[in-house]
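Notes follow once the structure below has been shown.
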Number of protein chains: 2
Amino acid sequence: MSVADIDHSSLMSAPDIGGILSCMARWEPDAVGRLQQAALELYAEHGYEQTTVAEIAARAGLSERTYFRHFADKREVLFHGSEQLQAAIVAAVEAAPASDAPLDAIATGLRRIAPFFDERRAHSLRRHAIVRSSRELQERELMKRGAMVAAVTAALQRRGADPAVAALAAESGATVFHLAYERWVADPAGRSYAEHVAETVASLRALTVAPAAVG
Amino acid sequence: MSVADIDHSSLMSAPDIGGILSCMARWEPDAVGRLQQAALELYAEHGYEQTTVAEIAARAGLSERTYFRHFADKREVLFHGSEQLQAAIVAAVEAAPASDAPLDAIATGLRRIAPFFDERRAHSLRRHAIVRSSRELQERELMKRGAMVAAVTAALQRRGADPAVAALAAESGATVFHLAYERWVADPAGRSYAEHVAETVASLRALTVAPAAVG
């Protein structure tokens with residue numbers, strides 16, 4: 001069975017987060033995996049701007065045509081799995097207890113995807129350094145963030161959240177997602193992404209406590 | 001005196017927000033203003049993708065060379081004033097009482113820039129619709145947001161905030177900036193941007209209140 005055979009509609013709607021994550025965590029010994037590995041190596045060796053798709057395909061022992069069958073452009077090879085990551089977060093938000101407030105549902109979702117990062121720490125660190133090096137790649141990452149905010153906003157509304165509250169919670173969730181990731185990347189102790197999510201949510205709560213009246 | 005004669009270093013450091021805003025609110029009867037007007041008209045009439053810089057310059061009665069003296073590319077004409085807006089927010093954050101918590105300092109800054117939006121409501125609504133129509137323009141807007149987050153993070157650290165707290169507050173401030181703007185654009189009553197900032201900050205505080213223990 002190929003990736004194309006997967007019924008994505010059922011994948012998206014079912015809260016089978018474990019299944020999604022096990023698909024994601026597995027380093028595919030196929031074209032996609034080889035192209036990702038080649039791109040990471042070449043971007044690190046020569047820089048993102050200086051590398052061509054032809055060079056990536058050649059390093060992977062594949063054709064340019066094969067590259068473009070899997071990735072729309074030179075940037076996308078670094079964002080493989082982002083749809084599944086988004087689907088996993090959305091599934092966890094939908095599966096959270098109805099009594100959970102919006103931000104709690106999102107925090108649960110973010111803790112559930114921790115294995116995606118924790119199991120590929122070396123890969124994530126290399127990828128992170130490359131994305132930071134290029135304005136084009138940062139733009140693409142921000143667009144992925146926007147897509148995730150929209151998907152989580154919709155999921156929260158399906159749980160009955162007011163649209164304005166859903167949007168604010170999803171944006172705040174994206175902030176937690178992003179800053180917890182930055183902390184996780186920089187953590188010399190290598191603690192789990194889930195711990196950084198919990199700490200970042202706690203910091204957000206502390207930050208927004210209504211100020212005491214000042215005399 | 002031309003714009004080039006302004007000493008930007010003193011502009012940035014002095015908390016003269018009123019002065020910055022009065023410069024921004026004035027619709028310049030010069031090349032920049034004519035190019036902005038022409039771009040807004042053409043993007044609305046024919047779409048952003050279909051419009052060329054040559055057409056914008058011609059509509060404004062100016063040369064392409066003049067366009068590129070003021071704007072680096074086809075997108076930037078829609079982002080004129082973003083540096084000054086950022087400088088005004090940073091100045092207000094720096095000028096906020098030392099007793100203000102980071103998020104309060106940012107909320108003060110955002111309320112202070114309200115005239116920039118309120119005095120150009122029709123312009124802002126047209127511009128907003130055009131930015132929403134193009135992925136390229138959304139990418140540029142997200143990069144501007146990133147620059148503002150970095151500048152506000154630095155300003156909060158100069159006030160003595162812990163780096164991690166400063167980053168989280170600045171990201172949350174960007175969320176408030178963005179969602180208050182969305183609410184302001186959509187508000188049929190046309191209330192001030194400052195009111196939408198205050199409401200969005202209140203919603204954020206409500207959202208992040210620690211959940212009650214559930215039995």
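Among the residues of segment A:120-174, those identified as more than 12 Å from the chain's Cα centre (by Cα), within 27 Å of A:D73 (Cα to Cα) and of a type in the set (V, I, T) are A:I130, A:V131, A:V152. Of the helices (runs of 4 or more DSSP H) lying entirely inside segment A:37-117, those containing at least 3 residues that are crowded, with 17+ Cβ neighbours inside 10 Å are A:53-59, A:82-95, A:102-112. Residue-level check: of (1) at pLDDT 95 or above; (2) facing chain B (nearest Cβ under 10 Å), A:E171 misses just (1).
Anything in segment A:135-155 that is farther than 13 Å from B:E139 by Cβ and either away from every other protein chain (no Cβ under 12 Å) or surrounded by fewer than 17 Cβ atoms within 10 Å (Cβ to Cβ) (or both)? List them, or say none.
So the first thing to find is which residues in segment A:135-155 are farther than 13 Å from B:E139 by Cβ, and the list is A:148-155.
Matches in segment A:135-155: A:M148, A:A150, A:A151, A:V152, A:A154, A:A155.
When you check B:A38 against the structure, is it at pLDDT 95 or above and in contact with a Gly (Cβ under 9 Å, 6 or more places away or on another chain), yes or no? Taking the combined requirement at face value, the residue satisfies it. Can you pull out every residue in segment B:168-203 that is surrounded by 16 or more Cβ atoms within 10 Å (Cβ to Cβ) and among the basic types (K, R)? Within segment B:168-203, B:R183 is the sole residue that qualifies.
Taken over segment A:102-133, the criterion of being among the polar types (S, T, N, Q) and within 12 Å of another protein chain (Cβ to nearest Cβ) is satisfied by A:T108 alone.
Looking at A:P188, is it free of Cβ contacts under 8 Å to residues at least 40 places away in the same chain and more than 11 Å from every other protein chain (Cβ to nearest Cβ)? Here the answer is yes, as A:P188 does meet what is asked.
The values are calculated or read from the model by the stated rules, or taken from the named source; none is laboratory data. What you are looking at is a predicted structure, and each value in this text was computed from that prediction instead of being measured. For neighbour counting, all protein chains shown are included, and Cβ atoms are generated from backbone atoms with ideal geometry for every residue, glycine included.
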